[in-house]
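Structure first, then comments.
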Amino acid sequence: MKMKPALHITALPVAVCAIMPFAGNAAAQSDWEFQITPYVWMSGLDGKVGTIPGLPAASVDLSFGDILDNLDFAGMVFATARHDPWVLHLDANYVKTTTSKAVGGILIDNVKLTSQTTTLSMGVGYALATSDKGSFEAYLGARAWWLDNQFTLTTARAGNTFNRTETESWVDPLIGVSGYFDLSEKWRLFGLAEIGGFGAGAEIEWGAFAGVTYAINKNVGLNLAWRHQYVDYDSNGIVFNATQSGPAIGVTFGF
């Protein structure tokens, strides 16, 4: 039996604990500046994923299109609050996918898998260097994961159904650096590199992303970036040792 492991596939799309700014005029240093960014990370998944304790992890190589075929719902939002030199950030993600596979076996005729992945990242950053054109920051944060797998097995002869649920959660500490540079009043470059886990949750996780923002006006900006992330988690029979990579798009609202 081979099923697309819908669990984890979008795990923390752009959960990067960094600012995703727009290139509007900065608020005065004595003021708070707030930004909120709904976004989508169009990533694929490559690696090994195991969602049932006792069974071996499966090798996966899925494109974003493969993942989209199984998607039921996804909600992703990123928010920041800045008061120079401090910045607070939050990233929340929820993804639900459903996969159904006709097995045609002697005992089991069909297997249905409903997976829910929720991640929440929070961090605190401090500007190490600033100018009228940009900023370079270091940050500390944490990312919490909640995973839920619901299996429905349908028997071959009587058509009876049996349900099983597997859940897992953990928290990864994160450290990283981020920054941005204004090319003009309309265009801004931004980027980030981070590492975390350290055996507290995942054995290790690291990621990087970079992109550009175009300011429609001083309160609205369009973001286009590329993000790459690796996570190695293996505990209680749940395995997620995989790489995700792909473009991310979002719209930032600032006030």
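The values are calculated or read from the model by the stated rules, or taken from the named source; none is laboratory data. All of these numbers come straight from a predicted model, not from anything done at the bench. Glycine also receives a Cβ, built like all others from the backbone with ideal geometry; neighbour counts cover every protein chain displayed.
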> For segment 40-62, which residues satisfy the criterion of being modelled with pLDDT of 80 or more and out of contact with any Pro (no Cβ under 8 Å at 6 or more places or on another chain)?
Replying inline: Asp46, Gly47, Lys48
> Only one of (1) under 21 Å from Ser131 (Cα atoms); (2) at pLDDT below 90; (3) not small (Gly, Ala, Ser) is not met by Phe190, so which one is it?
Replying inline: (2)
